[in-house]
């Protein structure tokens, strides 16, 4: 079990508290400050090592320019048209391939079907003409419209091994020897043939077609189809272009509404006649504008209150300076000097709190950046910084904490929170009075309880104590009413919980900070 050390700092003997080890009448090194830590300035370009600067690629530079909104960024219309063009081109190429493949297969099946139907008919005619003799090879007039189409088909008629007819000029023996089916090469062409035979008359009819005819015809069909498809695609693209143009008009009107707004105009955007796609954007922007309006109102209120609070110490300083009589007795001059120093300290304290409040509103804290910190050491330092103030008010400080209490947090901000809590307790404790600071655990979290013996706060007063520039209790105490406001904000940022507990043995305000 970790050893705990309870230390009492009494007004009359605080200078003898050196035996505690770390408490002394002088502030310790590394005292709490409301200003952010100085960061090391980056080296000059001349000191950078080679390779420290990373050059972005042109693509990354274009992307950054687009994020900034420079003219090189493509519009939604152009992006849609380009993507649509690529999609249509890919679809068109794929469809053309499918058409060529399907047309080739269908045309080939159609040729085989026609051959299978035509061959028996011709065989029947030949079988009924027993005296039929070879009547030579066919000749066509070159001007005949379909003369060239006859080279794509083959028909050979034989009877008992004698050639009766051939649509292709070739050796008779080669024509008679044509196989009954299959693929052959004849007259410098490749043919696919099919035959039927009449066993009674010995007649045989061989019909075939040029093997290249199928894909040639398929290409012709596909070409015609492609031309029509291309024309249809062009018309579709044109129709889509004008449809996109008219469809994006609400977006252009919306952008024009934003362009015409004054920089100070934070009123909600007009969502009349906007499409559903822009409704969510408009609501999000109006919500953001509402938050900006609230923030600016708060800032204006803050500046107004800050100016009002600063007027008091500045007026006091001015009055004290104007009242100084260099010929006055030394004791009067010393009194004037002390009054002037008090007003100066109050103004400095107010300015410090204003800066801390601004910092607490803007600082971004992430749990990943938390460090292992010694809570006992931080509490000892905060208590040491407040010894003089407690002594001047005859307030006894009691610190009860383990010798080594380690937590994960942001040490500077945690010091600000603890200082404000203890300082507030010292300020409103009785005179003479006592303030107790104890460290323990509650539901797996570190608990810090700060309690004083002052009059405390009612429920209504406690509900207002975290508001800016609200001072309750002893109104003659100097302050701006920002300490607990800063504390509450930093607790939210650091993930800590601050709550009020029922009065304890001291009977005053009792606050618990859970880390």
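The values are calculated or read from the model by the stated rules, or taken from the named source; none is laboratory data. This is a predicted model, so every value here is computed, not measured. Cβ atoms come from the backbone with ideal geometry, glycine included; neighbour counts cover every protein chain shown.
A few comments on the model shown:
- For residue 347, the conditions (1) more than 26 Å from residue 420 (Cα to Cα); (2) surrounded by 15 or more Cβ atoms within 10 Å (Cβ to Cβ) are fulfilled apart from (1).
- Beta carbons closer than 9 Å, at least 6 apart along the sequence or on distinct chains, pair a first residue in segment 279-301 that is under 22 Å from residue 256 (Cβ atoms) with a second that is part of a helix (DSSP H, G or I) for 281/254; 282/254; 285/258.
- Entry remark, segment 190-237: residues being touching a helix residue (DSSP H, G or I) at 6+ places or on another chain (Cβ under 6 Å) and within 13 Å of residue 92 (Cα to Cα) number 4 in total.
- Within segment 258-278, being modelled with pLDDT of 80 or more and not in a loop (DSSP other than H, G, I, E, B) holds for 258, 259.
- Number of positions in segment 225-250 that are surrounded by 11 or more Cβ atoms within 10 Å (Cβ to Cβ) and under 30 Å from residue 192 (Cβ atoms): 2
- You will find that of 493, 500, 510, the residue that is out of contact with any strand residue (DSSP E or B) (no Cβ under 7 Å at 6 or more places or on another chain), modelled with pLDDT of 75 or more and farther than 28 Å from residue 313 by Cβ is 493 and no other.
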